[in-house]
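Below is one structure, written out as structure tokens; the observations come after it.
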Amino acid sequence: MTTSSTLDLALRLWPQVRDSGRVDDAGLLDELLATQGRPGAPGYEGGVRGTFACFAPDERSSFTLPGGEQSRDDADARLVAHILVTRVLLGAGLHIDRRVQRAMADAYAVTWTVRGVLDASPLALATSLWLIALDPLQISDQPLAIDWTPSAYQDAERWDLDYRLFSHYDVHQRALDWVAYASAAPGRHPGCSVWTLVEPLLRFDDQRAQIALGQFAGLAAGGEDEGGAPVPAAAMLERARVEALLRAHLAAAR
């Protein structure tokens, strides 16, 4: 449970969406959609209206994910929560809904389209891999529906203001670049369990993703450095679920 009823709903719906691609009550998806563009959503103060508000503007937005990770700060928590809501909507089949397309585009705007070094947290980047995995157009040259007009997107140090055209394929490739980096050595995804990275990658039909999965398996075999913080048993069980999926995937690929 979190302090956000919206995020709690998204997390509650996710297992069914993940495993079957549907929800029993589509009205619950309307509840999630109703939070789009409200105060407290990422970028709202800067004019962004495609993101979901899981927390009130004056609320301390912090939570722990099922895998045991915690958001690193308020902005990170709001972004990760937005991505988690978008993930449910995409996975449930709403990829043709313009609102969901905008939500995905705004998530990409602050994760995969920044200039230079990616500045989103490893947890946000790993979670957003699900959006790519669930996007039917992930390898399409079709431009993303990013509205670059809000003031939140006018920071020339963070974005190339002269280059605003990104396709689904561009994001797919930049994400795989980061995955290759993160899987190459220990310590390259602080604050994010290897298993949070692995699960969406299992749905990528790409050779680089398959190589990264093998490397992540090797890194995980040596144990994860939790920084001395104990991980709850429930989180370990969630990680073990993904480990079993990876083991079966690698065995089938032999």
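Each value in this text was obtained by applying a stated rule to the coordinates, not by laboratory testing. This is a predicted model, so every value here is computed, not measured. Glycine gets a Cβ as well: all are built from the backbone with ideal geometry, and neighbour counts include every protein chain shown.
Distance distribution note for segment 80-213: the fraction of Cα pairs above 20 angstrom is 42%. Helices meeting the span-like rule in the chain (full DSSP H runs, Cα extent of at least 15 Å along the helix axis, mean Kyte-Doolittle score of 0.0 or higher): 74-91, 122-134, 207-221, 233-253.
Annotation: for a label point projected 7 angstrom from Cα along Cα→Cβ of R164, residues of segment 136-155 with backbone N closer than 14 Å are 144-155.
The sum of -39500 (n - 2.57) across all DSSP H runs of n ≥ 4, divided by the residue count of the chain, sets its helix-only mean residue ellipticity at 222 nm to -16000 deg cm²/dmol. I'd like the distance separating the alpha-carbon centroids of segment 145-201 and segment 16-91, in whole Å. First find each Cα centre; the distance between them is then 18 Å.
Length gained on full extension, I139 to D58: 25.3 nm, using 0.36 nm per residue less the C-alpha separation. What is the percent of Cα-Cα separations in segment 1-143 that go past 21 Å? Result: 37 percent of Cα pairs exceed 21 Å.
Counting neighbouring Cβ atoms within 10 Å and putting the fewest first, the residues Y153, Y181, Y163 line up as Y163, Y181, Y153. By the count of neighbouring beta-carbon atoms within 10 Å, fewest first, R87, R208 end up ordered R208, R87.
Here are several values of Rg/Rh (Cα atoms, Kirkwood Rh): (1) 0.94; (2) 0.99; (3) 1.15. Which one was derived from the coordinates shown? Derived directly from the coordinates: (1).
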